[in-house]
Amino acid sequence: MPHRFNRVANSMWADDHRAVRFWLYGIAVLVSVMVLVGGATRLTDSGLSITEWAPIAGMIPPLNAADWATEFTKYKTTTEYQTVNAGMSLDQFKFIFWWEWGHRFLGRLIGFAVILPMIWFWTRGQLPAWLKPLLIGLVILGGMQGAIGWWMVKSGLTERVDVSQLRLAIHLTLACVILVATIWLARSLAQHSESPAQAIAWQGGALIVLLLVQIFIGGIVAGLDAGMAYNTWPKMDGVYVPTGILVMEPWWQNFLDNAKAAQFLHRVSAYILWGAAGLHAVLVVAKHPTTTHSRRAVFLFVLITLQACIGIMTLLLQVPISWALMHQFGGVVLLVFATAHWRALSPRNIISSTPRSGVVSPSYGAA
């Protein structure tokens, strides 16, 4: 009887916050699109086409020939133009400009999509008290992401012909952290079909950490164009453990600046993630058979396996844009599903500050 009451209470509480939940889902979709557009911007070498950071004025793209000439002239001062793209036409410049402008525009759109509805829900008393400081934290993370994006672009405007791979990896990883936080909050407002499994919830969190580490290393690989070489699998450069991966001093610098070491690390971390997901699926099925938790754990392992296969094909084909974007999209889908899985495993003891009909959200213990 208490369990049935919890189900009813949970359902009614979720209905009270449906609008807020779907708003957060919308933010997650926009962040996911932002990550993919960022990937396309990187793959088309478009990231340095806008040489200034103008949060307000930059919202308006060039509107006439004079505006385009001004932007093109600014780009011609960059090392990338002088070294790589010298002699490119205005139409070619417009192609890379629109990718970068679209990426920045999406960032501004996400800012408005977070702040304006948040103010609306806040003033109408539709936000639970526990959610308010977390949403403010989300806004702060978004502001940091914009600043880090410019910090990244700035690294490629003078001496380099590309952005810093470390700054690229930080920019990508923070975007994924924001995505994880958004999904976590949205799922905290949702109805769940199973009681939490607190004893194994840490495993879901550990998989998220491994995923974020893998994404960070993937950013380093992308920044170094490390996937363009050693296009064989399972061997790399003819062997399973290649030589020349620790030639720099200090040793850890290899994994930031040595393309061979970065790709090898990306492979090893993928094996670790795949093995951890497989072990997690086995443990959940053994402890919670025939539950939604076990089905999700198995499906998560299937998704990670599929993502690994896409990554291998991307490598073997020497990173065509279509496969690279598919690999990045797979990573986003995987991260969203893994976060939802982790949230479902974790305790749900949040109490709504605006319950309907006197109903509060249920507080579950360990399953």
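Every number here is computed from the coordinates shown, using simple stated rules; none is lab data. Everything numeric here is computed off the predicted structure, so don't read it as measured data. Glycine gets a Cβ as well: all are built from the backbone with ideal geometry, and neighbour counts include every protein chain shown.
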What shape does region 96-247 take by its C-alpha gyration tensor, where a ≥ b ≥ c are the square roots of the eigenvalues and a/c under 1.5 counts as rounded, a/b above b/c as prolate, and the rest as oblate? oblate
³J(HN,Hα) computed for each position of region 97-109 - Karplus, 6.51 cos²θ - 1.76 cosθ + 1.60, integer Hz, glycine/proline x: 4, 5, 5, 5, 5, x, 5, 5, 4, 4, x, 5, 4
So what is the relative contact order of the chain, in percent, for Cα pairs below 8 Å that sit 6 or more residues apart? 25
Mind checking the angle between helix 292-316 and the chain's longest principal axis? C-alpha axes, 0 to 90 degrees, to the nearest 10. 10
Just give me a number: lysine pairs in the chain, eight or more positions apart or cross-chain, with C-alpha atoms less than 14 Å apart. 4
Measuring from the longest principal axis of the C-alpha atoms of the chain, the long axis of helix 165-188 (C-alpha) lies at a number of degrees, nearest 10, equal to 20
Quick one: angle between helix 65-75 and the longest Cα principal axis of the chain, in degrees between 0 and 90, rounded to 10, please. 90
Which of the chymotrypsin sites (Phe, Trp or Tyr not before Pro) found in region 194-266 are in a DSSP loop and have at most 16 neighbouring Cβ atoms, other than their own, within 10 Å? Tyr240
Using the crude model of +1 on Lys and Arg Cβ and -1 on Asp and Glu Cβ, and no other charge, please compute the dipole size for region 71-138 relative to its Cα centre, in debye to 20. 300
What distance in nm separates the simple spin-label points at Leu141 and Ser193, each placed 7 Å from Cα in the Cβ direction? 2.7
Helix-only [θ] at 222 nm, the chain, -39500 (n - 2.57) per DSSP H run of 4+, per residue, nearest 500, equals -23000 deg cm²/dmol
Given a Förster distance of 45 Å, report the FRET efficiency between Val268 and Asp67 from their Cβ-Cβ distance, rounded to the nearest 0.05. 0.40
Exposed GluC sites (Glu not before Pro) absent: longest stretch of the chain, with sites in DSSP loops and at most 16 other Cβ within 10 Å deemed exposed: 195-367
For the chain, modelled as a Gaussian network with Cα springs under 10 Å, which listed residue fluctuates most, Thr291, Thr123, Thr232? Thr123
Can you bin the chain into rounded, prolate or oblate? Criterion: square roots of the alpha carbon gyration tensor eigenvalues sorted a ≥ b ≥ c, rounded for a/c under 1.5, prolate for a/b above b/c, oblate for the rest. oblate
